[in-house]
Amino acid sequence: MEDMARDVAALMDDLEIDRAAVCGLSMGSYVAFEFARLFPARVRALVLAGARAQGADEAERKSREDKLRMF
């Protein structure tokens, strides 16, 4: 999630966007949350849609990592 959050920051840099409303859906919520944690000054608003408060368990984390490796 941290790598993807840093990729969002790099894209914002390339597009010369200083602050933005950040929205994540489902797994993207974890990326959006990590982005807000790493770059709080760059977040104008944060929307976490379809996220779970307890976070992923170990099996779900592994499944996500496997899916990410496909790309």
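The values are calculated or read from the model by the stated rules, or taken from the named source; none is laboratory data. All values derive from a computational prediction rather than experimental measurement. Methodologically, a virtual Cβ is constructed for each residue, glycine included, from the backbone with ideal geometry; neighbour enumeration extends over all protein chains shown. Note: accessible area is taken over every heavy atom of the protein model, side chains too, but ligands, DNA and RNA are not part of it. Shrake-Rupley method; radii C 1.70, N 1.55, O 1.52, S 1.80 Å.
Please specify each residue of the stretch 27-41 satisfying the condition of being open to solvent by 40 Å² or more (accessible area, probe 1.4 Å) and either in contact with a Cys (Cβ under 9 Å, 6 or more places away or on another chain) or in a helix (DSSP H, G or I) (or both). Break it down stepwise before answering.
The initial filter retains those residues of the stretch 27-41 that are open to solvent by 40 Å² or more (accessible area, probe 1.4 Å), namely 27, 30, 33, 37-41.
Answer for the stretch 27-41, where residues must be open to solvent by 40 Å² or more (accessible area, probe 1.4 Å) and either in contact with a Cys (Cβ under 9 Å, 6 or more places away or on another chain) or in a helix (DSSP H, G or I) (or both): Met27, Tyr30, Phe33, Arg37, Leu38, Pro40, Ala41.
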Inset, instruction - Looking at (1) part of a helix (DSSP H, G or I); (2) touching a residue at least 24 places away in the same chain (Cβ under 8 Å); (3) buried (at least 18 other Cβ atoms within 10 Å of the Cβ), find the lone condition where Gly24 falls short. - result: (1)
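How many residues are more than 9 Å from the chain's Cα centre (by Cα) and surrounded by 12 or more Cβ atoms within 10 Å (Cβ to Cβ) if we restrict to the stretch 7-16? Working first, answer last.
Just the residues of the stretch 7-16 that are more than 9 Å from the chain's Cα centre (by Cα), to begin with: 7, 9-16.
Retained after the next criterion (residues that are surrounded by 12 or more Cβ atoms within 10 Å (Cβ to Cβ)): 7, 9, 12.
The qualifying residues number 3.
Quick check on this structure: which one of Ala41, Ala53, Ala32, Ala36 is at pLDDT 90 or above and over 14 Å from the mean Cα position of the chain (by Cα)?
Only one candidate qualifies: Ala41.
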Legend entry - Within the stretch 56-71, considering residues that are charged (D, E, K, R) and at pLDDT below 80, the one least open to solvent (accessible area, probe 1.4 Å): Arg64
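Please tell me if Arg44 is of a type outside the set (Val, Ile, Thr), in a helix (DSSP H, G or I) and open to solvent by 70 Å² or more (accessible area, probe 1.4 Å). So that I can check it myself, show each step before the final result.
Working: of a type outside the set (Val, Ile, Thr): yes; in a helix (DSSP H, G or I): no; open to solvent by 70 Å² or more (accessible area, probe 1.4 Å): yes.
Answer is no for this residue.
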Inset, instruction - Give me the pairs, please: first residue somewhere in the stretch 1-20 and in a helix (DSSP H, G or I), second residue anywhere and β-branched (Val, Ile, Thr) and loosely packed, with under 14 Cβ neighbours inside 10 Å, beta-carbon distance under 9 Å, and either six or more positions apart or on two chains. - result: Leu11/Ile17
